[in-house]
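Rule-based calculations on the coordinates, nothing more; no lab input. Nothing here was measured: the structure is a model prediction, and the numbers come from that model. When we count neighbours, we look across all protein chains shown, and the Cβ atoms used for this are built from the backbone with ideal geometry, even at glycine.
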């Protein structure tokens, strides 16, 4: 459980807010399902939905499955600050972006749509006759 303590406008009263420590937001145009690694309990998120997430173990690994994606689920870590993870999908969807924001009182995972220029690495060949090859 996340706890934030704020002062009221009178500076006498304190406002204590309890929130789920883990929140998952789906800002993408696809339906997303998430589960802890090793669990068969999947949670579905509709478009523009935000849900609390209550892990059952300390693995800190979250599996993501996007609707209409034929590949295996993708994995992200809940305990690592990631500003932009591009999850490549093996069909016409291309990918979605997963952001993990860690704070003292919460961890928020946000899924959003991939768009041109959102890749974490971009390689452009501006030469006219040279071929550029790369491997990963």
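A full extension of the chain between residue 54 and residue 135 corresponds to an added length of 25.3 nm, given 0.36 nm per residue minus the alpha carbon distance.
Placing a label point 7 Å from the Cα of residue 19 along the Cα-to-Cβ direction, the residues of segment 25-64 with a backbone N closer than 17 Å are 25-27, 49-55. In the chain, Rg over Rh equals 1.10, where Rg is the alpha-carbon radius of gyration and Rh the Kirkwood radius from pairwise Cα distances. Normalising the average separation of contacting C-alpha pairs (under 8 angstrom, six or more residues apart) by the number of residues puts the relative contact order of the chain at 21 percent.
Principal axis extents of the Cα atoms in segment 1-64, from largest to smallest and rounded to whole angstrom, are 47, 30, 13.
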